[in-house]
Amino acid sequence: MEELQVERMAEVFRCFICMSKVRDARLCPHCSKLCCYLCIRRWILEQRKQCPHCRASLQLSDLVNCRWAEELTQQIDTLRGPVRPQGAVGGSPQTQQEEKKDMCETHHEKLTVFCWTCQLCICHQCALWAGTHGGHTFKPLTEVYAQHVAQISEEESAIRRRLMELISLVQDVERNVESVRSAKDERVREIRNAVEMMIARLDGQLKNKLITLMGQKNQLTQETEMLESVLKEVQHQMSSSTKSDMIARSSEMLQMFTAIHKKPMASFVTASVPPDFTSELVPTYDLETFTLTRFSQLQQSADPVYSKPLNVTGLSWRLKIYPDGNGVVRGQYLSVFLELTSGLNEASKYEYRIEMVHLASGDPTKNIVREFASEFDIGECW
Ligand SMILES: [Zn+2]
Ligand SMILES: [Zn+2]
Ligand SMILES: [Zn+2]
Ligand SMILES: [Zn+2]
């Protein structure tokens with residue numbers, strides 16, 4: 001049987017005066033409500049000869065004795081389970097203890113009634129005989145308690161759901177952390193792979209250069225070894241041969257020297273292998289040459305001369321040249337500035353190299369080279 005149905009049946013066998021399980025049941029012949037014999041007896045003797053429920057006039061002799069009620073309440077108790085004290089929804093030993101505290105301080109009776117009007121837990125004596133709750137609405141305490149417990153449990157499960165939702169949000173954030181971390185690790189792996197491949201390509205270039213250089217060295221070593229042995233032989237001949245032998249062999253030796261000289265020295269001078277490796281990280285300089293013509297004429301003016309713009313990946317650069325020097329160095333030097341005419345909105349650092357080529361002489365040693373790294377804003381000159 002469903003627990004709820006059992007509870008409803010138990011409700012029928014509750015005394016309408018003390019709100020507890022009916023004891024020594026009596027029935028009002030007018031309204032058929034059940035109450036304890038002691039409860040109704042006290043009411044009729046001490047208050048009035050009237051049913052407290054339906055208010056029909058009532059004598060003790062009018063009450064119907066319901067012996068069967070006793071038997072039924074016992075059966076209901078068996079259905080409700082072993083430890084199910086009145087007024088408790090749970091059934092733990094703790095609630096039994098709690099129940100001992102649920103006593104009326106005035107009457108030392110169990111609190112079984114809830115006065116709806118006063119919103120107070122009272123005993124059945126407070127409800128019926130104390131006079132302070134006349135005409136008030138009463139409800140069984142267990143029913144009100146059950147309602148409160150139900151409401152609290154409902155709210156509690158709402159909080160529990162909220163907690164679960166928050167926990168799942170925490171898990172979402174943790175998963176997010178993981179995905180962000182692994183995305184970063186993926187980029188790091190890409191960089192490591194790219195760098196390793198760059199190193200491998202550099203190793204390949206180095207190997208090629210070394211093969212060339214080893215070949216050159218071998219060729220030279222062979223020649224030096226050969227000359228060393230020739231010189232040794234000549235020394236030996238000169239120190240050990242008799243004068244006549246020496247004279248006899250000198251023509252042969254001179255022929256051998258001539259043969260050595262036949263191979264030109266220039267054939268041993270090979271082009272040097274350049275110690276350069278293309279950088280895959282740092283781009284090479286973008287170049288622009290600006291030729292100043294009629295220089296002497298330009299020197300007459302203090303105004304600057306501008307080069308054509310050099311556009312590099314969205315940045316525009318130009319040279320600003322004072323042919324006769326700028327400011328305090330006027331008349332002494334040539335002043336050259338690099339100007340960023342358009343580019344990024346924030347200042348950034350750029351490396352640049354300015355080389356002044358002396359065109360008239362064509363002598364590269366007369367060139368002046370300067371390399372710098374400066375922070376440029378748009379319109380700024382260095
Ligand atoms: Zn009645
Ligand atoms: Zn009673
Ligand atoms: Zn009381
Ligand atoms: Zn009241």
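Here are the numbers for the structure shown:
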{"item": "Mean residue ellipticity (222 nm) of the chain, computed from DSSP H runs ≥ 4 via -39,500 (n - 2.57), nearest 500", "result": "-15500 deg cm²/dmol"}
{"item": "Å² of accessible area per residue within the chain, as computed with a 1.4 Å probe and no ligands counted", "result": "73"}
{"item": "Neighbour net charge for residue 69 - beta-carbon separation under 14 angstrom, K R +1, D E -1", "result": "+1"}
{"item": "Selection of GluC sites (Glu not before Pro), the stretch 233-314, meeting DSSP coil and at most 14 other Cβ within 10 Å", "result": "280, 288"}
{"item": "Cα gyration tensor, the stretch 3-151 - rounded (a/c under 1.5), prolate or oblate", "result": "oblate"}
{"item": "Accessible-area ranking of 333, 350, largest first, probe 1.4 Å", "result": "333, 350"}
{"item": "Percent carbon-and-sulfur accessible area, the stretch 295-376, ignoring ligands, DNA and RNA, probe 1.4 Å", "result": "50"}
{"item": "List 214, 356, ordered by accessible area with a 1.4 Å probe, largest first", "result": "214, 356"}
{"item": "Cα long-axis angle, helix 3-12 against the chain (0 to 90 degrees, to the nearest 10)", "result": "30"}
{"item": "Violating pairs (Cα-Cα greater than 22 angstrom) within the set 21/101; 207/263; 308/366; 21/110; 209/366; 110/139", "result": "207/263; 308/366; 209/366"}
{"item": "Net charge of neighbours whose Cβ lies under 14 Å from the Cβ of residue 180, counting Lys and Arg as +1 and Asp and Glu as -1", "result": "-1"}
{"item": "Per-peptide average of other Cβ atoms within 10 Å, ordering 109-119, 321-331, 199-209 highest first", "result": "109-119, 321-331, 199-209"}
{"item": "GNM top mover of 169, 310, 27 - the chain, alpha-carbon springs below 10 Å", "result": "310"}
{"item": "Acute angle (nearest 10 degrees) that the helix 243-262 long axis makes with the longest principal axis of the chain, alpha-carbon atoms", "result": "50"}
{"item": "With every protein chain in place, the stretch 3-151: carbon and sulfur % of accessible area (1.4 Å)", "result": "51"}
{"item": "Cβ-defined net charge surrounding residue 284, 13 Å radius [Lys, Arg +1; Asp, Glu -1]", "result": "-3"}
{"item": "Nearest 10 degrees, 0 to 90: helix 67-80 Cα axis against the chain principal axis", "result": "10"}
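The values are calculated or read from the model by the stated rules, or taken from the named source; none is laboratory data. Remember, predicted model here, so these are calculated numbers, not experimental data. Virtual Cβ from ideal backbone geometry, glycine too; neighbours counted across all protein chains shown. Note: areas computed on protein heavy atoms with side chains; ligands, DNA, RNA excluded. Shrake-Rupley method; radii C 1.70, N 1.55, O 1.52, S 1.80 Å.
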